[in-house]
Structures are given as structure tokens and as C-alpha cells.
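The values are calculated or read from the model by the stated rules, or taken from the named source; none is laboratory data. In this text, all values refer to a predicted model and were calculated from it rather than measured experimentally. Heads up, the Cβs are rebuilt from the backbone with ideal geometry, glycines too, and the neighbour counts pull from every protein chain shown.
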Amino acid sequence: MDQNNEVEIDVRELFRVILNKLGIILMITFLCGAVTFSFLKFVKTPVYEAQAKLLVNTRDTESTSTSISSDQIKSAVSMVDTYSVIIKSRTVLEPIIQNLHLDYDYEELAENITVKSVNSTQIMEIAVDDENQTNALNICSEIMNTAPDILMNSVNAGSVSRIEEPYLLEDPVKPEVLKMTVIMAVIGFVLSAGFFIVQHLFDNTYSSEVDLQSSLELPVIGVLPSYESCIENNRK
């Protein structure tokens, strides 16, 4: 019982510390969120994304069969990983850099391109991120113009057909202003609250006779007035 009471008292004390410093904690929380929001909104350069989609088939387009089995669909989905490597290869990207006169090297451009299967289907999505909206759309268009033929020549099976023209997303995809603002505000709250809690736990001084009595379990016989209180009383 005594141990449980001690834990309960300690927890209540920690809550009291937080409540006493709540104003400062909330101010730090607000400042962390406001600074993050201002930096991401007005300083950080936004990144835009252009997307396009291709349909991946494992059977050749000249095949007379019209049915597609589940195994063929699974095979097409697994081929997306292979196609992703090819699309992000130097064979595809270096000519695009030259044709569009981009200020990128191959590695930088490859990092800005994402190729993935949409919800584990035969649909392959190509996404290009860039700080310049025109560059993002132009790069995506060039990939759509050149990649299908290169894929067909590199992989002697199946086919790739365009099902969606390249388009540009209206809003920037990076930075995620709202998400990062909330995260930094929460971090500010946790760190500031944690600081005051740690400060309290390592504080070995007694601020009142109540603290002294509860800690030592001894009666308080008397309290010596402070120098400041004596001067204040003399003035009165």
C-alpha cells in the first residue's frame, strides 16, 4: 500500500508541475508550430509532382487470346519492379536530361522518380517530383514517350500500353506543411514538459514547510523569516 501511495503522490506531483508551467509549455508549443509553419510555407521551396499511368500485360499485344488469368495478372504486377529499374536506368534518363537540357545529373533525376504498382494491380504509376512544375510535367511526358519502346525491347514478354496522359498535381507534394507543423508542435510540447519534469525530479531543495514535512515526516516547529520578508515588514 505504501509503495502504491508513493507512486500516486509522485504522479500527482508531476501533473502539478505541468499545470504550474502550462503557460510556458503552451507558448513553446505554439512557437515550435509557428516557426515550422512559417519556414515550410514561406522559406522552403515547394516540390510538385507529375504523374502518368501505364497498363502492364504479360501477353503480347499481337496475341489472339482475349482472356487473362489470375497468374498473368500476378506476373504483370511482379514485372512492375523490373520495369521500375529499367525506367530509372541511364538508358532512359540520360537522353531525357540531354533533350530537356536539365541541370541534373543522372543520380539526382533518378531520386526524383517513383515507379510503383497501384494497389497491387496491373496499373503502373510513374511519378516525377521537381521544384519546377514545367520540368516535372516535361520529364514525365518524355518518360511516357520513350519508356514503353525501351521496356518492350528489354523484356521480351508482355506489353505496356498508355492509359493516362501525364498530368500535374495542383498542390505541392512536399513539404507537408500541416503534418510537419503538428509534429513539431507535439515535439515542442513533449520536450518542454519533459524538461520541467526532469528539472523537478532533480530539484533537492524544499520550497515550503509542507514539502519538508511530507519528505522527512517530521513536525515543523517554526519557520525562520527570509531577509526579504523582514525588510518588507519593516516598511509596513
> Of all residues in the range 104-133, which are modelled with pLDDT under 90, surrounded by fewer than 17 Cβ atoms within 10 Å (Cβ to Cβ) and more than 12 Å from LYS53 (Cα to Cα)?
Replying inline: ASN119, SER120
> Scanning for something out of contact with any strand residue (DSSP E or B) (no Cβ under 8 Å at 6 or more places or on another chain) and either β-branched (Val, Ile, Thr) or within 19 Å of VAL85 (Cα to Cα) (or both), does the range 122-132 turn up at least one residue?
Replying inline: no
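Within the range 36-67, can you find the residues that are of a type in the set (Ser, Thr, Tyr), surrounded by 15 or more Cβ atoms within 10 Å (Cβ to Cβ) and at pLDDT 95 or above? Reasoning before the result, please.
Of the range 36-67, the ones of a type in the set (Ser, Thr, Tyr) are 36, 38, 45, 48, 58, 61, 63-67.
Then keep just the ones that are surrounded by 15 or more Cβ atoms within 10 Å (Cβ to Cβ); that gives 36, 48, 58.
Scanning the range 36-67 gives THR36, TYR48.
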> If ILE9 satisfies every condition in (1) loosely packed, with under 14 Cβ neighbours inside 10 Å; (2) at pLDDT 75 or above but one, which is the exception?
Replying inline: (2)
> Which residues, taken from the range 21-44, are free of Cβ contacts under 8 Å to residues at least 24 places away in the same chain and more than 17 Å from MET184 (Cα to Cα)?
Replying inline: LEU22, GLY23
>> Take ILE139 and tell me if it is modelled with pLDDT of 95 or more, assigned to a strand (DSSP E or B) and in contact with a helix residue (DSSP H, G or I) (Cβ under 7 Å, 6 or more places away or on another chain).
In response: no
